[in-house]
C-alpha cells in the first residue's frame, strides 16, 4: 500500500490540474440582421426623415453578458455568453433596418443626421426568463424638431424560445425587435 501512495497522490494532483486547466470559451452573439433594401436618392427626397436617438438601456443590460432572469427576483449575467458588439448599437441598427424595411412614411436615419422627427427608445428589459420566454419592454417617444412629444408608447413583448440555449434566446430577442418595429410602423403610418 505504501508503494501505491505516491502514485495515487501523483494521479490525484494530475487530475486536479487537468480540471483547473479546462476553460470555457466565450461565445459572442449578434442580434439577427434583417436584409435591408437600399433606397434610391429619389425616394429619400420625397420621404420625411426620422432620426433614431441613442438607445437607453437599463443598468443591468448595459454590460457585455447576456442576461437571464432565474426567478421572479433574481437576474444572472452570463460570463461566457456575451454580446459581440455594444447592445445599444445593435438594437439601434437593427431597429433602423427593420423600420426602413416595414414602413413607408419615413426614412429612418441614425443619430448623426438631422431629421423631421426624432425617435428615442428606452429599454427596460431585454433578456431571457426562467419560463422560457424572451422579454423586451420599455417605452419609445416620438418628438418633432421643436422637441414637442407627439407620441409616447410603452411596450412589453414576449417570445417563446423554440429550444433552450443562448442562441435561441438571441434569435427570440431578434423576433421581439421585429414585433416592436411592426408596432412602431403601425403608429408612424397614422401620423399626419
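The values are calculated or read from the model by the stated rules, or taken from the named source; none is laboratory data. Since this is a predicted model, take the numbers as computed values, not measurements. Ideal geometry is used to build each Cβ from the backbone, glycine not excepted, and the neighbour counts take in all protein chains shown.
Residue-level check: of (1) part of a strand (DSSP E or B); (2) within 17 Å of residue 140 (Cβ to Cβ); (3) without any contact (Cβ under 8 Å) to a residue 60 or more places away in the chain, residue 93 misses just (1). Per the conditions (1) under 30 Å from residue 74 (Cβ atoms); (2) in contact with a helix residue (DSSP H, G or I) (Cβ under 6 Å, 6 or more places away or on another chain), the sole criterion not satisfied by residue 179 is (2).
Only residues that are outside any loop (DSSP other than H, G, I, E, B) and out of contact with any strand residue (DSSP E or B) (no Cβ under 9 Å at 6 or more places or on another chain) were counted across the stretch 179-192, and they come to 4. Criterion first (at pLDDT 95 or above, closer than 22 Å to residue 47 by Cα and within 18 Å of the chain's Cα centre (by Cα)) does residue 161 satisfy it? Spelling it out, it is not the case that residue 161 is at pLDDT 95 or above, closer than 22 Å to residue 47 by Cα and within 18 Å of the chain's Cα centre (by Cα).
Of the set (1) in contact with a strand residue (DSSP E or B) (Cβ under 7 Å, 6 or more places away or on another chain); (2) at pLDDT 95 or above; (3) surrounded by fewer than 19 Cβ atoms within 10 Å (Cβ to Cβ), all apply to residue 168 but (1). Here residue 60 meets each of (1) assigned to a helix (DSSP H, G or I); (2) modelled with pLDDT under 95; (3) under 14 Å from the mean Cα position of the chain (by Cα) with one exception, condition (2). The residues of the stretch 150-173 that are in a helix (DSSP H, G or I) and free of Cβ contacts under 8 Å to residues at least 40 places away in the same chain amount to a single one, 168.
Only residues that are within 22 Å of residue 34 (Cβ to Cβ) and either in contact with a helix residue (DSSP H, G or I) (Cβ under 7 Å, 6 or more places away or on another chain) or buried (at least 20 other Cβ atoms within 10 Å of the Cβ) (or both) were counted in the stretch 150-159, giving 4.
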